[in-house]
Amino acid sequence: MSNAAAVPTASPFLAACRGEAPAHTPVWFMRQAGRSLPEYKQVREGTTMLEACSTPELVTEITMQPVRRYGVDAAIFFSDIVVPLAAIGVDVKIVPGVGPVVAEPFRTEDDVKRLRNLDPCDVPYITEAIGLLVKELGDTPLIGFAGAPFTLASYLIEGGPSRDHAKTKALMKSRPEIWHGIASRLAAICGEFLRVQVEAGAQAVQLFDSWAGALSEADYRRFALPHSTAALMGVAQSVPRIHFGVGTGHLLEAMTETGAEVLGIDYRIPLDSVTRRFAAKRLPDKVLQGNLDPAMLFAEDDALIAETDAVLEAAKGAKGHIFNLGHGVLPETDPAKLKLVVDHVHEVTAR
Ligand code: CP3
């Protein structure tokens, strides 16, 4: 600990995660690899998403594509939140244009038992891909990730993507023991999936609780927070942990209790209002990640730059800032717009 504190962190991304002053504000984008890149579409041709995720050379190539093209300050591992579920034998497919679809949804006590623990031997391709990546990435850190128990459970219980998460919420209230059975097993699986990635060389992790915003604060605290906390505990004290959810403005205080070092903020809440809220409630200052609206990438350059500057300005009072979008890159995005944002953030924040 004492040695590490004395040496300044060279990577702007890792420095910002630790609350140190980086050489410039680091940038990466959620969903930076994927359908917005022509080179991605080319290498993915003829392969399903889950096949691609279990082919180390392909994972390495796709993870590197946005790093090469944009010069982002971190790579996000090319995988999906349902990969660990497929690895323990859950019949799940990723349907293009739809998302994860589960053949036999999970709703009963017997279903809880279908969720066995993840063993590192279930995902040898993850360890192999990260080994290859760490060599190719050089000084650029790799972010590993997992889906949070609530978001994963929603796919398992609903059987696919859901707007209202009705079956999930109903199960929580009618059969809390089944809910907690499913969510606690998912927490163990997520924790292990994160650990495997860190052991293989990932230097930070992000826990995506994409759909947690559908819960009230009381329900989030009772049904989701303990399980997210348990999942993140798997890599506590080893690497910085980022926690992100969509539409979670009402949950941010509760989300800080998961222990994550960095809080990802969606585009609906200005970053300065988060800093002010935490200060008013005497909560510890947090490093914030975010939060340009992905739709702004469709605006004309001047408007895009103005919105980017507004995010940078709003982040000034925070303990640290990692520039990102407020959710993932939309498929129709012009890669030139992302490059413009990266170059602009680097230029205007260089110290
Ligand atoms: O950020 C990255 O580029 C890294 C890779 C990554 C993917 N999925 C690749 C992917 C990450 C971090 C994820 C996480 C993920 N997957 C989340 C959490 C983040 C979020 O967006 O809220 C969720 C909810 C999923 C589930 C999922 N997988 C969805 C909703 C979809 C989109 C389905 C569609 O086609 O509209 C996927 C598929 C998926 N995951 C794609 C990619 C690049 C598209 C697959 C393709 O190209 O066919």
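Quick note: the coordinates plus some simple rules give every number you see, no bench work behind them. Quick caveat, the model's predicted, so the values are computed rather than measured. Note that each Cβ is placed from the backbone with ideal geometry, even for glycine, and that neighbours are counted across all protein chains shown.
For the listed peptides 202-208, 124-130, 344-350, a ranking on the average number of other beta carbons within 10 Å per residue, highest first, reads 202-208, 124-130, 344-350. What the Cα convex hull of the range 194-331 gives, in volume per residue, is 117 Å³. Helix-only arithmetic for the chain: the sum of -39500 (n - 2.57) across DSSP H runs with n ≥ 4, divided by the residue total, places the mean residue ellipticity at 222 nm at -13500 deg cm²/dmol. Debye calculation, C-alpha points only, no solvent: report log10 I(q)/I(0) for the range 188-270 at q = 0.24, 0.26, 0.27 Å⁻¹, in the same order as the q values. Values, matching the q order: -1.13, -1.27, -1.34. Note on the chain: lysine pairs with Cα distance below 27 Å, sequence gap of 8 or more or different chains, count 18. Backbone phi angles across the range 55-66, fed through the Karplus curve with coefficients 6.51, -1.76 and 1.60 (θ = phi - 60°), yield HN-Hα couplings of 10, x, 5, 5, 4, 5, 4, 5, 5, 6, 3, x Hz in residue order; Gly and Pro are listed as x. Translational diffusion coefficient, Stokes-Einstein: compute it for the range 98-159 using the Kirkwood radius over C-alpha pairs as Rh, at 37 °C and 0.692 mPa s, and state it as an integer in µm² s⁻¹. The calculation lands on 228 µm²/s. Expressed as a whole percent, how much of the Cα-Cα distance distribution for the range 262-351 exceeds 16 Å? The share of Cα pairs beyond 16 Å in the range 262-351 comes to 52 percent.
Take every DSSP beta bridge whose two residues both sit in the chain, then give the antiparallel share in percent to the nearest 5. Antiparallel bridges make up about 15 percent of those DSSP assigns within the chain.
Computed from the alpha carbon positions, the gyration tensor of the chain leads to an equivalent ellipsoid with semi-axes of 30, 24, 20 Å, biggest first.
When Rg and the Kirkwood radius Rh are both evaluated on Cα atoms of the range 62-145, their ratio Rg/Rh stands at 1.07.
Each 5 Å bin from zero holds the following percent of Cα-Cα pairs in the range 183-235: 5, 21, 27, 23, 14, 7, 3, 1.
When the chymotrypsin sites (Phe, Trp or Tyr not before Pro) in the range 247-351 are filtered for DSSP coil states and for at most 12 other beta-carbon atoms within 10 Å of their beta-carbon, no site remains. By the Cα gyration tensor, the range 139-253 has an equivalent ellipsoid whose semi-axes, rounded to whole angstrom, run 25, 14, 12 from largest to smallest.
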